[in-house]
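Just below is one structure, and these are the notes that go with it.
The values are calculated or read from the model by the stated rules, or taken from the named source; none is laboratory data. This one's a predicted model, so the numbers in the text were calculated from it and none came from an experiment. Cβ coordinates were reconstructed from backbone atoms using ideal geometry, including for glycine residues, and neighbour counts include every protein chain displayed. We work out accessible area using only protein heavy atoms, side chains counted, and drop any ligands, DNA or RNA first. Shrake-Rupley method; radii C 1.70, N 1.55, O 1.52, S 1.80 Å.
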Amino acid sequence: MSAAAFQALFARLVIDPEFRDDVRQRGAAALDADLTDLESERLLFVSGDPGMDVTRTLHKGFRLSKLMGQLPLTCAALGKEALAREVAEFWRRNPPVSFYYLAEAVAFCDFLAARLEEGMEAPTPYLGEVAAWERAGLELQRPRPEGEAPPLQVVEFTHDPLPLLAALGRGEPPEPTERPCLMIGGYDGGKVEWRLAEDAPAV
Amino acid sequence: MSENLIAIPKLGVGLAYQPALRPFLETRGDTFDYLEVVPDILWTDLGSDKTPRYIDDKDGIDFLRRVADGRPVVPHGIGLSIGTAHRFNRGQLDQIEKWHGWFQFPWHSDHLAWNLAEHGVDELNAGVTLPLPRDQETLDALAPRVAEVRRRLPVPFLLENNVYFFSMPGEEMSDAEFLNALCEQTGCGLLLDLHNVYCNARNHRTDPYRLLGELDLRNVVEIHVAGGMEHEGWYLDAHSGPLPEPVWELLRWCLPRCPNLGGVTFEMMGSWFVDMGSDRLVQELFALREAWQRWQPVPMHLAEVAA
C-alpha cells in the first residue's frame, strides 16, 4: 500500500511544518516509508513548491477559523500573540483528525487548562474561567443520540462573569471585578441556559 | 458519456446553502430554483467506533424542507474523500443513501480529491481538498469506488474538478484528458467548477478556454460559480462574493455548449454574506437566471458544438 504511505506523508507536508522543513533539508532521507521512486520524487518536489505553502495556509486558516468560531471569548482572552503561540503548540501535539471541530475546541480548552495548571503565564487573569465556560457551553451543544440529555455544567468563576463575558463579547478589554461564584448551565428546549449561583449547587 | 446523464432534469439556478443564509432563504425564495447543500454540515460523524455513528441535525433538515418548498435539494458532499488510498468512506455513502430517501434528489456530487490519510491508529483530516495525480493509476483506483456509489444510488454521481496550487512530476494527462477519461472509464458525470478552472488558469498561467475546448462537455451536469480573492500572489477559491468578469465569460461560453446541464449553482461562504449583502446576492442570482434562460434548457445542438 505505497499509495497510502504516499498520502500519509503528503498530508504531513501540509499539516506539519517541521516535517516539511525536514524533507526540504534532508530530501529522500526524511521520507521513512516504502514508496515508489515516482512517489518519492513527487513528495520531494511538492515539499519545495511554493504551492505547498499556500495549501498549508489554507489548511491553517480553515482550522483556526473553526477554533475561533467555537471559542470566540477564549481567543479574545488569550489575545493575538498568546493565541498564535498556544494554537501552534496544541496543533503540534494534536494533528487534525476530524471534520467536526467541536471536539477539537473542547480539547483545546483542556489543553489550556493543563497549561495553566503547569504554570503557563496567562495573558489575562480570567483566561481559565472563560475557557471553562465556553467548554461547558460546547458540552451542552454537543450532538448526542436521541434521548440522551447533556449533563449539567458547573463553572467556577473568581471574577464577576456577566460584565466579563459581555465585554469580551463586544470585543472590549474587560475590567474584571472579583466575585467568586458559579455559573450553572443546562440545555432546555433546544437552547443553552445559564444561571448564576453564589454557592455550590446541591447535586 | 454515461447513458444516465441524458435524462438530467433542467433545474435552473441553485444556491449553495450556508447557515448564515437562512434569513435570506426564508425571504427570497424567488431567487433560486434548487438548493445545493453540503450534507456533512447537517450531521455529525462521531467516528466509526461509535453507535450510532452519525447524529443528524433534524432542525436543519426540517429547515431545508421548508425553504425548498418542493424544489430539489441536491447534496454536494465533502466527506467522501474518494481519492483516499487506505480506505473507502462507506459511512458517508450510508448517509447519502438516507438523504436520497428523504429528498429524492436528481443527482449528487462530491470532490475529485482526497483529505483523509492514514496516521498511526488514527486518521488525519487535512481539512482541504488535496489533488490527485492525473494518471491511469489514479483512475484505476477511482473506478471501483465510483461503481460502488453508482450501484448504491439510482441517480447520477458527479465529481468536481479541484483547485490545485502545484502539479506533480510524472503526470500522464492534462486536466481535460484526465476529466474526460474519468467520466469515460467510471461513468460518473462532471460538476464543472468554473471558478476552480479560473483559479488554476490564473495561478498556473494556463488558458482556461483550451481546457474547456478539450473537455467533453456532454459530461457536465452541473456548473459551480463563485468569487475569490488574492492572497500573497495567489488567487484563492475563497467563495467570497460575486463572480469576477472572467468567470462570467467562462459561464457564457459554457452554457450553450453543455447539452446535459441540469443547473448552475452559486457558492458563497456564509461569512462573506454580510459583505456582499442581500441586494447584491439577489442581483447575482437574477443575472445567473437570465443567462440560464438565454441558453438553457434548449442547448446548442451537439453537431454545432462539434463544429
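Do we have any residue at all in segment B:88-111 that's within 9 Å of another protein chain (Cβ to nearest Cβ) and crowded, with 19+ Cβ neighbours inside 10 Å? Break it down stepwise before answering.
Here is the first cut: in segment B:88-111, the ones within 9 Å of another protein chain (Cβ to nearest Cβ) are none.
Within segment B:88-111, none of the residues are within 9 Å of another protein chain (Cβ to nearest Cβ) and crowded, with 19+ Cβ neighbours inside 10 Å.
Taking the criterion of being touching a strand residue (DSSP E or B) at 6+ places or on another chain (Cβ under 7 Å), open to solvent by less than 20 Å² (accessible area, probe 1.4 Å), modelled with pLDDT of 95 or more and within 14 Å of chain A (Cβ to nearest Cβ), would at least one residue in segment B:18-41 satisfy it? Looking through segment B:18-41, at least one residue is touching a strand residue (DSSP E or B) at 6+ places or on another chain (Cβ under 7 Å), open to solvent by less than 20 Å² (accessible area, probe 1.4 Å), modelled with pLDDT of 95 or more and within 14 Å of chain A (Cβ to nearest Cβ). The condition (being hydroxyl-bearing (S, T, Y), more than 9 Å from every other protein chain (Cβ to nearest Cβ) and under 19 Å from B:A126 (Cα atoms)) is satisfied by just one residue among A:S47, A:S40: A:S47.
Taking the criterion of being more than 16 Å from B:R87 (Cβ to Cβ) and among the polar types (S, T, N, Q), the residues of segment B:116-147 that qualify are B:T129, B:Q136, B:T138.
I need the strands (runs of 3 or more DSSP E) fully contained in segment A:98-203, keeping only those with at least 2 residues that are out of contact with any strand residue (DSSP E or B) (no Cβ under 7 Å at 6 or more places or on another chain). Quick ask: steps written out before the conclusion?
On the way: elements: A:153-159, A:178-188, A:191-197.
Filter on segment A:98-203 gives A:178-188.
What's the total number of residues in segment B:223-249 that are among the charged types (D, E, K, R) and either assigned to a helix (DSSP H, G or I) or more than 29 Å from A:R56 (Cα to Cα) (or both)?
So the first thing to find is which residues in segment B:223-249 are among the charged types (D, E, K, R), and the list is B:230, B:232, B:237, B:245, B:249.
Next, from what is left, pick out any that are either assigned to a helix (DSSP H, G or I) or more than 29 Å from A:R56 (Cα to Cα) (or both): B:245, B:249.
Qualifying residue count, segment B:223-249: 2.
Considering segment B:68-79, the residues that are open to solvent by less than 10 Å² (accessible area, probe 1.4 Å) and touching an Asp or Glu at 6+ places or on another chain (Cβ under 6 Å) include one that is farthest from the other protein chains (Cβ to nearest Cβ), namely B:V74. When B:E245, B:E249, B:E267 are checked against the criterion of being among the acidic types (D, E), within 24 Å of B:Q296 (Cβ to Cβ) and under 14 Å from the mean Cα position of the chain (by Cα), B:E267 stands alone in meeting it. With respect to the conditions (1) more than 19 Å from A:V97 (Cα to Cα); (2) at pLDDT 95 or above; (3) within 10 Å of chain A (Cβ to nearest Cβ), B:D59 lacks only one, and its number is (2).
Which residue is most open to solvent (accessible area, probe 1.4 Å), if the candidates are limited to segment A:1-32 and must be more than 10 Å from every other protein chain (Cβ to nearest Cβ) and farther than 20 Å from A:R92 by Cα? Out of the qualifying residues, it is A:R26.
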